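Asks: Take this structure first; my questions come after.
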Amino acid sequence: MYRRLLCYVDAGETRLEELEGVLDLASQLQSRLIVLAVLPEESPDPSKEKKQERDILEDRTWNFLYEIEDVAFGRELKISLMLEEGKPEETIASVVKSYEVDLCATFPYKGLDAELLLQKLGSTPLLFFNQEGR
Amino acid sequence: MIRISEAIREEGIVLNLKAQEKVAVIKELVSVMVDMGLIQDEETFLADILKRENLESTGIGLGVAIPHARTTAASELLLAFGRSANGVDFDSLDGKPSHLIFLIAAPEENKSQYIMALARLSKILHKEEMRTRLSKAATPAEVMEILKEAE
């Protein structure tokens, strides 16, 4: 029923352990887990400092995604990683639509407008996990 | 700090892959590593790569695939690169064939180095300019140069 489960993560606000609940869910549902991170759009002409900040953010985010992949592989989960740019709510909704996602999961991040996300997702169910991963 | 350009050699770069199907492409790149004397146990390495490949898509979209494994068959971080003009179906989420294929092997016990290499390579290949340059590179030496510049 839930062939594709999308989990939106913010590498700066999530610890790997907090994803246990999402991994359990994907395992129980036998879903393909798509882990999505979204970075803000890069300014067209960034300063040297901004460019360095961006580099660090990209490195950290890819590292986090592959940490998740490694854990998922150990649990024999089907997983795909995605890193996109833009506003999280719009990007999540766009990925949900483009990749026929059946179920969406995330955490109450500071930078995420839950109401807006619900609106954009339409009929796709959204699960919010707490910091204990439940 | 891991450097992709230090983990790959010119002999590990195949600009015109002969194989046209996922498993055959992986075998072709594994053979390259074996021929270079970098992998002693080809069978174990291939099995480790294919185990992951059977479970997940290492096609990260945008025409790129990064088949990878931590394996007892590798004693250090190793990379091979293959380019396919027709593209190969790596079951990418975006449904597009992969033209740029990087094979990564890392020692079983060196998880952090392995993750950093995957992250670094993904970051490089996420940039359209890098993908275009790698697609057009005329020689393995040019590929090496592009990777060095990207880092």
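The values are calculated or read from the model by the stated rules, or taken from the named source; none is laboratory data. Predicted model only: the values in this text are computed from it and were never measured. All Cβ positions, glycine included, derive from the backbone under ideal geometry; neighbour counts span all protein chains shown. Protein only, heavy atoms only, side chains kept; ligands, DNA and RNA dropped before computing areas. Shrake-Rupley method; radii C 1.70, N 1.55, O 1.52, S 1.80 Å.
Asks: With just the Cα atoms of the protein assembly as shown, tell me how far they stretch along each of the three principal axes, in Å, largest first.
Replies: Principal extents (largest minus smallest coordinate, Cα): 55, 45, 34 Å.
Asks: Could you tally the net charge around A:A26, taking each other residue with its Cβ under 14 Å from the Cβ of A:A26, Lys/Arg +1 and Asp/Glu -1?
Replies: Once positives and negatives cancel, what remains is -1.
Asks: While we're on this one: Chains A and B: how much accessible area gets covered up at their contact, both sides added, probe 1.4 Å, in Å² to the nearest hundred?
Replies: The A and B chains share an interface burying roughly 2200 Å².
Asks: Starting from the Cα coordinates of segment B:4-150, work out the convex hull volume and express it per residue in Å³.
Replies: About 95 Å³ per residue, rounded to a whole number.
Asks: Here's something else I'd like to know. For peptide B:83-93, compute the average count of partner chain beta-carbon atoms within 10 Å of each residue's beta-carbon.
Replies: Mean number of neighbouring Cβ atoms from other chains: 1.
Asks: Where both residues lie in segment B:61-127, what percent of DSSP beta bridges are antiparallel, nearest 5?
Replies: Close to 55 percent.
Asks: Sticking with this structure for a sec: Using DSSP, restrict attention to beta bridges with both residues in the protein assembly as shown and report what percent are antiparallel, rounded to the nearest 5.
Replies: If we restrict to bridges inside the protein assembly as shown, about 25 percent are antiparallel.
Asks: With Cβ to Cβ distances under 9 Å as the rule, what net charge do the other residues near B:R70 carry (K, R +1; D, E -1)?
Replies: -3
Asks: Residue by residue through segment A:5-21, what is 3J(HN,Hα) from phi via Karplus (6.51 cos²θ - 1.76 cosθ + 1.60, θ = phi - 60°)? Round to whole Hz and write x for glycine and proline.
Replies: For segment A:5-21, the Karplus curve yields 10, 9, 10, 8, 10, 10, 4, x, 10, 10, 9, 4, 4, 5, 8, 3, x Hz.
Asks: Shifting gears a bit: For B:K22, go through the aspartates and glutamates and keep the ones whose alpha-carbon is under 18 Å away, minus same-chain ones fewer than eight residues off.
Replies: B:E42, B:E43, B:D48, B:E53, B:E56, B:D89, B:D91, B:D94
Asks: Which lysines, if any, have their Cα less than 25 Å from the Cα of A:K120, not counting same-chain residues under 8 positions apart?
Replies: A:K87, A:K97, A:K110
Asks: Please give every one of the lysines within straight-line cross-link reach of B:K111, meaning a C-alpha to C-alpha distance under 21 Å, and leave out same-chain neighbours fewer than 8 residues apart.
Replies: A:K78, B:K51, B:K123
Asks: Once the convex hull of the C-alpha atoms of chain A is built, how many Å³ does it hold per residue, rounded to a whole number?
Replies: Convex hull of Cα atoms, per residue: 100 Å³.
Asks: Once phi is turned into θ = phi - 60°, what whole-Hz ³J(HN,Hα) does the Karplus curve with 6.51, -1.76 and 1.60 give for every residue of segment A:49-61, x standing for Gly and Pro?
Replies: Per residue, the Karplus-derived 3J(HN,Hα) values read 5, 5, 5, 5, 4, 5, 4, 5, 4, 5, 4, 4, 5 Hz.
Asks: In addition: Considering only DSSP beta bridges where both residues belong to chain B, give the percentage that are antiparallel (nearest 5).
Replies: 55 percent
Asks: I need the GluC sites (Glu not before Pro) found in segment B:1-110, filtered to DSSP loop residues with at most 16 other beta carbons within 10 Å of theirs.
Replies: Here the sparse-neighbourhood loop sites are B:E21, B:E76, B:E108, B:E109.
Asks: Which whole-angstrom value gives the distance between the alpha carbon centres of segment B:1-34 and segment A:38-72?
Replies: Here the two parts' Cα centres lie 26 Å apart.
Asks: Mind checking the full-extension length gain between B:E108 and B:T44? Use 0.36 nm per residue of separation minus the Cα-Cα distance, one decimal, nm.
Replies: So the extension gain works out to 21.8 nm.
Asks: Over its Cα atoms, what ratio of radius of gyration to 2.2 N^0.38 Å does segment A:1-42 give?
Replies: 1.28
Asks: Need one value for A:55-62: mean number of C-beta atoms belonging to other chains within 10 Å of its residues' C-beta atoms.
Replies: Taking the mean over all residues of the peptide, I get 3.
Asks: Next up: Please list, in chain and number order, the residues 5+ apart from B:V14 or on another chain whose amide H is under 5 Å from its amide H, with Hs placed from the backbone.
Replies: For B:V14, whose amide H was placed from the backbone, the distant partners under 5 Å are B:F81, B:G82, B:R83.
Asks: In debye, nearest 20: dipole of segment B:12-120 around its Cα centre with unit charges on the Cβ of K, R (+) and D, E (-)?
Replies: 340 debye
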